[in-house]
1. Treating only the Cα positions of region 109-163 as identical point scatterers, give the base-10 log of I(q)/I(0) from the Debye formula at each q in 0.19, 0.22 Å⁻¹.
2. For q = 0.13 Å⁻¹, what log10 I(q)/I(0) does region 160-268 give under the Debye formula with an equal point scatterer on each alpha carbon and no solvent?
3. Taking 25 Å as R0, compute the FRET efficiency from the Cβ-Cβ separation of residue 109 and residue 77 and round it to 0.05.
4. Could you compute the net charge surrounding residue 4? Neighbours are other residues with a C-beta less than 9 Å from the C-beta of residue 4; K and R count +1, D and E count -1.
5. Rg and Dmax of region 111-228 over Cα atoms: what are they, in angstrom?
6. Please order 78, 249 by the number of other Cβ within 10 Å, starting at the fewest.
7. Taking only Cα atoms and a 10 Å spring cutoff, compute GNM fluctuations for the chain and point out the largest among 116, 228, 166.
8. Report the residue, chosen from 201, 211, 79, that carries the largest GNM mean-square fluctuation when the chain is represented by alpha-carbon nodes joined by springs under 10 Å.
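Read-outs: derived from the displayed coordinates by stated rules, not from any lab. In this text the structure is predicted, and so the values were computed from the model without any measurement. FYI the Cβ positions are ideal-geometry reconstructions off the backbone, even for glycines, and counts take in every protein chain you see.
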Amino acid sequence: MYSIYHFFQSLLQDRSKLVKVKKLGQFPFDDQMLSCRNKGVFPDLAIRLNKERKDFTGGELVELKDNKTYTVASFNSTIPSGSKAIADIITGKQSKVRKEMEKAGNNVFSLPKREVYYLVRGKRRENTKACLLHGSFFETVATKDLISQSFAQVLEERLQQSGVEVPFSLRQKLASLFSEQESFSRVRIVNKASVTLRFRIMTEIQAEGNILNPKTYPEIKDNTLSFVLPCHNDSEEHEIRRKSALVFTRAETELFRIFKLKHHFNGWFLVFQTDI
C-alpha cells in the first residue's frame with residue numbers, strides 16, 4: 001500500500017538523517033514506494049499508485065525544498081499548489097516523468113488529478129526543522145488568479161506612468177488573458193532575432209506562508225519533523241485520523257504531538273509532530 005501517509009512513516013523511521021544529510025535529495029527515500037524520482041524537474045518524487053484504492057489512492061507528488069535558513073526556498077518555474085492535473089506535468093510520450101511512472105507499472109492517467117506535497121527543510125545554527133505539508137498551505141489564492149492579478153498590477157502601473165486611459169472592464173479582460181503560466185513559460189521566437197525569449201515565474205514565500213518562521217508559526221519547534229494536512233472541518237479531521245490509524249503503529253503514534261495549526265490566510269491544518 002502506498003500513500004503520503006506511508007511516505008511520512010518512512011521519513012519518521014529515518015528522521016535522524018534529516019539532520020545529517022547535506023542535501024535533502026540525499027535522504028534515503030524508500031524507492032519501492034516511488035514511481036519516479038527526478039532532479040531539476042517537477043515533481044522531485046511521486047508516490048506509486050495503488051491498484052485497489054479503497055482507503056488510499058497513492059500517486060501524490062512531492063517536491064523537495066531545502067534551505068540553510070528558516071525561509072522556505074523559492075519556487076522556480078512551478079508555482080506551488082495543492083493539486084495538479086497529471087496531464088499538465090506529463091507532456092508527450094517522451095516525457096521522462098511519464099516513462100518512469102509507466103516503468104514502475106503505473107497507469108499514469110488512471111488518476112488524472114494528483115495531490116501535491118512539499119518536503120521542506122530549514123536550518124538555523126545547530127537546529128533543523130522539517131515539514132511534509134500539503135500544497136494548499138502555500139496556495140491560498142488560485143494559481144490563475146495569482147498570475148492574472150499580478151499582471152493586472154503591472155498593467156495598472158504602466159498605464160499610470162504612461163498616462164494612457166483604458167476602461168476598467170478592458171483592463172480586467174487584458175489581465176484575464178494572462179492567467180495561464182504557459183503563456184510565460186513558452187519559448188518565444190521573434191523574426192530576425194538571434195535569441196529566443198522565455199519568461200520564468202519565480203515564487204517566493206511571504207511570512208504568512210513560511211511554516212519555518214518561528215515568529216509566524218511558533219508551534220513548529222526546532223529539531224522536529226511535522227506532517228501538516230488541511231483540516232477545515234470535523235469531517236476532514238475524522239478522515240485524517242482514520243487514515244493515520246491505518247498506517248501508524250501504536251509506538252509511532254505515541255511519538256506524535258497532534259495539534260491544530262491556524263494558517264494566517266487558509267484556515268486550519270492538523271499537525272503530527274515528533275522530535276528528530
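1. -0.82, -0.90
2. -0.82
3. The calculated FRET efficiency here is 0.60.
4. -2
5. 19.8, 57
6. 249, 78
7. Residue with maximal mean-square fluctuation among 116, 228, 166: 166.
8. Maximum among the listed residues: 201.
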